[in-house]
1. Of the residues in segment 311-329, how many are open to solvent by 90 Å² or more (accessible area, probe 1.4 Å) and farther than 24 Å from Tyr135 by Cα?
2. In segment 296-317, what residues are in a helix (DSSP H, G or I) and in contact with a Ser or Thr (Cβ under 6 Å, 6 or more places away or on another chain)?
3. Quick one: in segment 333-348, of everything that is outside any helix (DSSP H, G or I) and open to solvent by 30 Å² or more (accessible area, probe 1.4 Å), which residue is modelled with the lowest pLDDT?
4. Could you figure out which of (1) more than 16 Å from Phe181 (Cα to Cα); (2) away from the ligand (no atom under 16 Å from the Cβ) isn't true of Trp229?
5. Between a first residue in segment 82-106 that is basic (Lys, Arg) and a second residue that is modelled with pLDDT of 95 or more and open to solvent by less than 10 Å² (accessible area, probe 1.4 Å), which pairs have beta carbons less than 8 Å apart while being 6 or more apart in sequence or on different chains?
6. Can you tell me which residue is surrounded by the fewest Cβ atoms within 10 Å (Cβ to Cβ) among those in segment 155-200 that are polar (S, T, N, Q), more than 10 Å from the ligand (Cβ to nearest atom) and part of a strand (DSSP E or B)?
7. List the strands (runs of 3 or more DSSP E) that sit entirely inside segment 1-116 and contain at least 3 residues that are small (Gly, Ala, Ser).
8. Among the candidates Glu15, Glu21, single out the residue that is more than 16 Å from the ligand (Cβ to nearest atom), charged (D, E, K, R), crowded, with 21+ Cβ neighbours inside 10 Å and farther than 23 Å from Gly228 by Cβ.
Amino acid sequence: MNFIPVNEPLLNGNEKKYLNECIDSGWISSDGHFVKKFEKDFSAHCGQKYGIAVANGSVAIDVAVRALKEKYNWHDDDEVIAPTFTIISSVQSIIYNRLKPVFIECDPITWNIDTSKIESFITPKTRAIMVVHIYGLPTDMQPVFDLAKKYDLKIIEDAAQAHGQTYRDMKCGAMGCVSTFSFYANKHVTTGEGGMILTSDEEIFEKCNYLKNLCFLPDNRFVHNDLGWNFRMSNIQAAVGVAQLERFGEFIKIKKRMGKKYQELLSDIPARLPAAKTDYAENHYWVFGIVLNDDVKFNAKTAMKKLFEKGVGTRPFFYPMHRQPIFEKMNLSDNVSRPVSERLYERGFYLPSGLALTDDQIEIVSKTVREIF
Ligand SMILES: *Cc1c(COP(=O)(O)O)cnc(C)c1O
């Protein structure tokens, strides 16, 4: 039996060629020219002015939030609104920066933050709204723009899953004061591990570069006014990124085709499939998630086990942030239930969705999914 993994990247463009250039030239650290090129190409691609390459998508958010906090003189314990249905990276960056996350329920159709639920959580201490575009559809941004304007809040955009996606005619990754990306192996563009911060604000740009590079001073390198991190991306990673970016249009087409094929083959299973579109975007199917109907007798965990035994890899949906044991320990969870995201965790998981997935594999996966019902 050939196991079908949940993700396999496509690395058959110029990746090897550019990697050889790094080795042959000796430029393997962050000082090589691919890093600058990747920053320039990627930010241009997203229609944003500045790009700051970093070690991964999680630290991209840490740096971005800190840069905002410092620029706008936010205080410790000021609040940042965030979706509860997301990855820990989004939220821990708020906590590492001694700010307080406020968890908002998600929308049952798009799985993104339910923008109608944000306003009642805004307090005099609220400083920002963090949006995270989940699994292939962007957040409904207009209500977020309106609230940000009304209450003078900054927008932080975690666009790690939404490279190339648009909200109406605006590009994901260009809608926040800071926007962040990940280039982990399952993202639309990969560098193995890697991340990027985008901004149009020169001060934020400089701050991020400073913070990610140990707060070295340009003319007095080993004298420090602040503590930062070494979160630099290497030339080796950026070389892969530059090659990946050359094929980006093709990658998005592959993902859309994959999503369409799954939609056709799974249209009558007792589960909710991703929305193919909303009135503001078409689904890019970063991953193809399904949510079991209530009348299915088993939950996502059992379904994933059954599929694994039949040779199909899957991943669970996010465990909501308001239920995380660590946040309960830290007294960051209120006792309010958020049933939509809790149900998504219980009933949802995603199918193999990588760029190297073949049509034959999609058919095998779909057939296997049907069998478990
Ligand atoms: C992948 C991902 C991250 C984290 O990126 P890493 O590179 O794995 O650290 C952050 N946010 C979202 C939405 C992601 O999908």
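1. 2
2. Selection gives Met304, Leu307.
3. Among residues in segment 333-348 that are outside any helix (DSSP H, G or I) and open to solvent by 30 Å² or more (accessible area, probe 1.4 Å), the one modelled with the lowest pLDDT is Asn335.
4. For Trp229, the exception is condition (2).
5. Lys100/Asp78; Lys100/Val80; Lys100/Ile94
6. Thr166
7. It comes to none.
8. That would be Glu15, the only listed residue that is more than 16 Å from the ligand (Cβ to nearest atom), charged (D, E, K, R), crowded, with 21+ Cβ neighbours inside 10 Å and farther than 23 Å from Gly228 by Cβ.
The values are calculated or read from the model by the stated rules, or taken from the named source; none is laboratory data. This is a predicted model, so every value here is computed, not measured. Every residue, glycine among them, receives a Cβ derived from its backbone with ideal geometry; neighbour counts consider all protein chains shown. With ligands, DNA and RNA removed, areas are computed over all heavy atoms of the protein, side chains included. Shrake-Rupley method; radii C 1.70, N 1.55, O 1.52, S 1.80 Å.
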